[in-house]
1. Can you run the Rg to Rh ratio on segment A:157-198? Use alpha carbon positions and the Kirkwood inverse-distance Rh.
2. Which value results when the Cα radius of gyration for segment A:49-166 is divided by 2.2 N^0.38 Å?
3. Give me the three principal axis extents of the protein assembly as shown from the C-alpha atoms, as integers in angstrom, largest value leading.
4. Give the separation of the Cα centroids, segment A:261-309 to segment A:91-150, in Å.
5. Report the A-B buried area as the accessible area lost on both sides summed, probe 1.4 Å, in Å² to the nearest 100.
6. Where does the charge balance sit around residue B:173 when Lys and Arg score +1, Asp and Glu -1, over other residues with C-beta under 11 Å from its C-beta?
7. As I understand it, the dipole of chain B uses +1 on the Cβ of Lys and Arg and -1 on the Cβ of Asp and Glu, about the Cα centre. Which of B:171, B:309, B:268 lies farthest toward its positive end?
8. Count neighbours as other Cβ atoms within 10 Å of each site's Cβ, and list the trypsin sites (Lys or Arg not before Pro) in segment B:139-248 that are DSSP loop with at most 10 such neighbours.
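The values are calculated or read from the model by the stated rules, or taken from the named source; none is laboratory data. Since the model is a prediction, treat every value here as computed from it, not as a measurement. Positions of Cβ are generated from backbone atoms using ideal geometry, with glycine treated the same way; all protein chains shown enter the neighbour counts. Just the protein is used for accessible areas: all its heavy atoms, side chains included, with ligands, DNA and RNA removed. Shrake-Rupley method; radii C 1.70, N 1.55, O 1.52, S 1.80 Å.
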There are 2 protein chains.
Amino acid sequence: MYTRSLAVISLLMISSFNAGAQSPNLAQRLGYPADTKLLIIHADDLAVAHAQDMASFEALNRGAVSSASIMVPCPWLTEVADYAKAHPDADLGLHLTLTSEWKTYRWGPVAPREQVPSLLDPQGYLYADAGEATRHIKPEEAEREVRAQVETALKLGIRPTHLDSHMATLFTKPAMVAVLVNVAHEYHLPFLMMKIPGTPPEMYAALKPTDVILDHVVMVAPPVKADEWLSHYTQILKNLSPGVSELIVHLAYDDAEMQAVTVDHPDYGSAWRQRDFNVVTSPEFRRALEENHIRLVTWRELGKLLPKP
Amino acid sequence: MYTRSLAVISLLMISSFNAGAQSPNLAQRLGYPADTKLLIIHADDLAVAHAQDMASFEALNRGAVSSASIMVPCPWLTEVADYAKAHPDADLGLHLTLTSEWKTYRWGPVAPREQVPSLLDPQGYLYADAGEATRHIKPEEAEREVRAQVETALKLGIRPTHLDSHMATLFTKPAMVAVLVNVAHEYHLPFLMMKIPGTPPEMYAALKPTDVILDHVVMVAPPVKADEWLSHYTQILKNLSPGVSELIVHLAYDDAEMQAVTVDHPDYGSAWRQRDFNVVTSPEFRRALEENHIRLVTWRELGKLLPKP
């Protein structure tokens, strides 16, 4: 996911989203001392392309990332469903998708188009731009589409461990946050929540006290330079605060398919995603995790903290 | 397109589908002597994958193929629409698609799912198998989907020159043939018609005397061996009869994406499509066209023979 606001946040490298932390804090509730540094390394955008799936599966298989999430409306969904069924322990959530951001490779909604007209651009695809999507989308139609995405995943045999939001469209206004939160509650799933400091409290009105809220979320954003990729990531790990954080990465192989998917868009493009893959699978990154006493956790573990249905 | 019946036909290398040829014949109607050998070299399956698009565009740009057709429900449709708009003279038709045949890469219909339930397998995709599709599909729902595919293409700025049928599902029974023919008539487009010798005449009841019917259709099918690819094709050209024929090819680059699309299916798979590309773009194939006095023609030229709307 990526919006301008997220990019700004990410430039700060690590941002506290949850200043009023729970007591006992999340680390304690997971069985660790209060000051443990716990990290979900999370691969976004599974199913968007074969190159994304292959790189993400490889990183999951190696334990280089601890979690990932799936874009249900995208073309390679059944490839991911096959992986999910073959790897029932893999920590796979749904990357709820209300945008279709690439230039010549587009997708539409999962719900019938006539039931979600406010989600559609003039050509019948999801909006390319997150801001434009947010301006047009009626929250009740977003909820219909989000529900259809969850149901489609379940029908294909995917058992999601969590929900989050592609390009942060579900973090943009109270009614959209409520869509994410309400659907997550209904399916008894934990969810990523961007609690941005200074945001009016009505933004989070749908949350329940029992919801699991991460302490920090961080993602590399422009203008990090290609040759500073590894050092940027190791710096993130060095600065990681105690608590439960998520580091969002985008993993793909920089090949002909991925170059075509991300054509004319170097930010979060094909080479970018290859750099992310190279870093998270590198011995240097692994060493930085060890040296900074960071333990990887999963959304499945966080889900166990929710009240039983 | 490919079904068992087509494979059998293709083993004969060249098959006459239109024994009772029109007089004046098609060659004459196009302004050539009656015994001219005219050939549409036709690339199928555009939009199925980026590797298919790139190889097919390259062959179109070089004049190695004279025509191609597009699978509207497939993920790379907008890439093909961009090409079509940038190359208004390219001879691009619609490869009407009622099946989704690959193992881990599936697509659904363009029409709303609840309007075409008989087209859907239990997971909500188009049927993988052409025979199963034919058994389940209600012709009125096929027509709804076919119309939706034409309208989607038009909306994206594609101006199709012709219609044909992916995996031959619209050539399988009278009511399905009628779908293809009726929609083609409505949009004033020529269409590929497989007139298989010995077929009962009711199969072709929807045809009008003014319809343009090719004299021959040929396609390479299993079990041609990889090292005999070029010689098989040059043999086809050597044996080509006078009249208007279509040679159907499937062009793609044998890369990671295409290998994944066609996984576990060497027939018409990734390497198969690379061999087709290599042959049609080879100097040997070009020379065989010249030596056998074969002229390439397009569906656009055939469309000009239809009565004016």
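1. My calculation puts Rg/Rh at 0.99.
2. 1.07
3. Projected onto the principal axes, the Cα atoms of the protein assembly as shown cover 90, 44, 37 Å.
4. Cα centroid of segment A:261-309 versus Cα centroid of segment A:91-150: 25 Å apart.
5. Counting both chains, the buried surface is close to 2100 Å².
6. In short, 0.
7. Checked the options; the winner is B:309.
8. B:225
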